[in-house]
Amino acid sequence: MKVESYLMFEGRCEEALDFYRRALGAEVTTLMRFKDNPEPAGAPGCGEGGGPGPAPDMVMHAEFTVGETTVMASDGMGSGTTSFQGISLALSPADEAEAKRLFNALADGGQVHMPLAKTFFSKAFGMVADRFGVPWMVVAPE
């Protein structure tokens with residue numbers, strides 16, 4: 001059994017995937033759009049003819065890898081409003097230089113909650129919410 005992260009970007013999933021490719025070197029391994037749903041046209045939640053729901057070109061399900069970790073993502077219901085509260089994704093870069101590079105990339109357009117700095121448990125630790133509101137902790141090993 002595994003527990004994996006599933007992020008709902010509510011209409012900005014494709015933009016987020018592109019950002020994580022550039023910022024973290026993420027590799028998108030799966031991308032399915034609502035229009036790819038094999039259910040009959042008009043299935044609930046599939047937009048256009050399917051009643052309320054995301055537009056057909058929105059991302060129904062995606063998977064991307066960052067290092068050895070798989071993260072899943074979607075546009076959810078395409079509401080335009082994301083809320084990532086009570087969680088953080090933690091990155092464990094190999095060293096302080098990589099921690100700084102990743103932290104700065106995530107902070108671009110985001111909000112720094114705790115600047116990257118040396119702590120008693122890490123050569124470089126910081127907390128940032130990226131431009132989509134996803135909270136990240138960057139923790140370089142001591």
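The values are calculated or read from the model by the stated rules, or taken from the named source; none is laboratory data. These numbers come from a predicted model, not from an experiment. Note that each Cβ is placed from the backbone with ideal geometry, even for glycine, and that neighbours are counted across all protein chains shown.
Among residues of the range 69-128 being assigned to a strand (DSSP E or B) and in contact with an Asp or Glu (Cβ under 8 Å, 6 or more places away or on another chain), the one that is farthest from M58 (Cα to Cα) is A124.
Of the numbered criteria (1) within 27 Å of A105 (Cα to Cα); (2) modelled with pLDDT under 90, the one M8 fails is (2). Taking the residues in the range 83-142 that are under 21 Å from A16 (Cα atoms) and of a type in the set (S, T, Y) as candidates, determine which candidate is surrounded by the fewest Cβ atoms within 10 Å (Cβ to Cβ). Ranking the qualifying residues of the range 83-142, first place goes to S83.
If you go through the range 12-61 and keep only what is at pLDDT 95 or above and part of a loop (DSSP other than H, G, I, E, B), you end up with R12, G25, A26.
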